[in-house]
1. Please go through (1) within 12 Å of the ligand (Cβ to nearest atom); (2) under 20 Å from residue 223 (Cβ atoms); (3) in contact with a Ser or Thr (Cβ under 8 Å, 6 or more places away or on another chain) for residue 127 and return the number of the only condition it doesn't satisfy.
2. So how many residues does segment 219-262 have that are under 25 Å from residue 114 (Cβ atoms), touching a helix residue (DSSP H, G or I) at 6+ places or on another chain (Cβ under 7 Å), of a type outside the set (S, T, N, Q) and outside any loop (DSSP other than H, G, I, E, B)?
3. Mind checking which pairs have a first residue in segment 115-128 that is in contact (Cβ under 8 Å) with a residue 24 or more places away in the chain and hydroxyl-bearing (Ser, Thr, Tyr) and a second that is outside any loop (DSSP other than H, G, I, E, B) and surrounded by fewer than 24 Cβ atoms within 10 Å (Cβ to Cβ), Cβ under 9 Å, 6 or more apart or different chains?
4. Considering only segment 105-148, how many residues are buried (at least 24 other Cβ atoms within 10 Å of the Cβ), assigned to a helix (DSSP H, G or I) and among the small types (Gly, Ala, Ser)?
5. How many residues are free of Cβ contacts under 8 Å to residues at least 24 places away in the same chain and among the hydroxyl-bearing types (Ser, Thr, Tyr) when one looks only at segment 51-92?
6. Of the residues that make up segment 35-48, is at least one of a type in the set (A, V, I, L, M), surrounded by 11 or more Cβ atoms within 10 Å (Cβ to Cβ), out of contact with any Pro (no Cβ under 6 Å at 6 or more places or on another chain) and more than 30 Å from residue 250 (Cα to Cα)?
7. Mind listing whichever residues of segment 4-57 are in contact with a strand residue (DSSP E or B) (Cβ under 7 Å, 6 or more places away or on another chain) and modelled with pLDDT under 90?
Amino acid sequence: MSVASKVATLAWYLRRPSLYGELFRRVRAMRVSTSNSVEKAKREKVEGQRWCEQQVVPAARLLESLQLPTATPAIETLHPTEWAEAHAAVNACPVKMGGPANLEVLYHLCRGMKVERVVETGVANGWSTLAVLLALRANGEGRLASVDMPYAKMNNEAWVGCAVPQALRDRWTLIRKPDRDGLPEAIAALGTLDLAHYDSDKSYEDRMFGYHLLWAALRPGGLLLSDDIEDNSAYADFAKEVSRPTWVLPKKPGNYAGVLIK
Ligand SMILES: C[S@@+](CC[C@H](N)C(=O)[O-])C[C@H]1O[C@@H](n2cnc3c(N)ncnc32)[C@H](O)[C@@H]1O
C-alpha cells in the first residue's frame, strides 16, 4: 500500500469515531506483520486450499445427513418478486461490494432446520441477509442480527444491505460495527443461536475470533456456516479443534463454504 493510500485510509477511520477501536487493532497488527508472517499466510492459504479439495462433498450429502430434502430449488424460483427487486436494487447501487455467499444452502438450511435465531457477519449488498430473512418469513418466526463494518474508503455505508426489501426488515437488526465490537452485541441481543453465518473478515485471526464466539453461542445441533474457507487454514484448524462433523461444500471452482454441526 502506498503512503498516500495509507494516509487516505487513516483519514477515513479518523472521520468515524465508532471505528477507532478497529483502527487501533489494525495499526497494532501492521506493526507485528513481518516477512515471516507473510510467508506464514501464504503457507496457510496453500494448506486451506488443499484441505478443502480433500474434503469437498456435494451439498446433498449434508442435507441427507440432517434428514432434509436434497432438492434445493433456487431462491429465485421460490421468491421471484423479492429476488427481482433485490437485483434491481443491487444494479442501482453505485459501489461494487463483496460477492454473495452460498445462498441456496443457507436458505434451505434455515428452512429445513426451522431456525429462529440467526447471527451473520458480513452483509455488503445483503444477499445472505435476504436469503435468511426470506427463510425466516417462510418459517413464520425468527430474528436475524447482522454485523457489518464497511470496507475502508469505499463510502458504501448507505448501500449496505440494499438487496433487503423494506417488507423483510422487521425481523432484522443491522449492527454497523467491526466484528470484534459488533459480534458480542449481536449474540447478546439474540441469546442462544440456531445458526451462525460467517462471511466478513477473512484473516486467520479474525476468523478464529468469530468462530469461537459464534460456536459458544450456538445450541447443541446448531450450525456454523462459513464462506470462502479456502482462504487460509482457520476453518480447517477450528474444525479439528471442536472435533464435530463438518462438510466442505463447493461454491465455484476452487471456492468453498464450510458447515459445522455443534
Ligand atoms: C463478502 S462480503 C459479505 C457478503 C454477504 N454475506 C452476501 O452474501 O451478500 C463481506 C462484508 O464484510 C464486511 N467486513 C469485512 N471485515 C469486517 C470486520 N472486521 N467486521 C465487520 N464486517 C467486516 C465487508 O465490509 C463486507 O461488507
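1. Among (1) within 12 Å of the ligand (Cβ to nearest atom); (2) under 20 Å from residue 223 (Cβ atoms); (3) in contact with a Ser or Thr (Cβ under 8 Å, 6 or more places away or on another chain), the lone unmet condition for residue 127 is (3).
2. Going through segment 219-262 one residue at a time, the tally reaches 11.
3. The qualifying pairs are 121/182; 128/103.
4. 3
5. Residues flagged as free of Cβ contacts under 8 Å to residues at least 24 places away in the same chain and among the hydroxyl-bearing types (Ser, Thr, Tyr) within segment 51-92 amount to 3.
6. No, that holds for no residue.
7. none
Rundown of residues vs (1) buried (at least 20 other Cβ atoms within 10 Å of the Cβ); (2) within 15 Å of the ligand (Cβ to nearest atom), yes/no style:
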{"residue": "181", "(1), (2)": "no, yes"}
{"residue": "193", "(1), (2)": "yes, no"}
{"residue": "198", "(1), (2)": "yes, yes"}
{"residue": "205", "(1), (2)": "no, yes"}
{"residue": "224", "(1), (2)": "yes, yes"}
{"residue": "242", "(1), (2)": "no, no"}
{"residue": "260", "(1), (2)": "yes, no"}
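The values are calculated or read from the model by the stated rules, or taken from the named source; none is laboratory data. Since this is a predicted model, take the numbers as computed values, not measurements. So basically every Cβ, Gly included, is an ideal-geometry build from the backbone, and we count neighbours across all protein chains shown.
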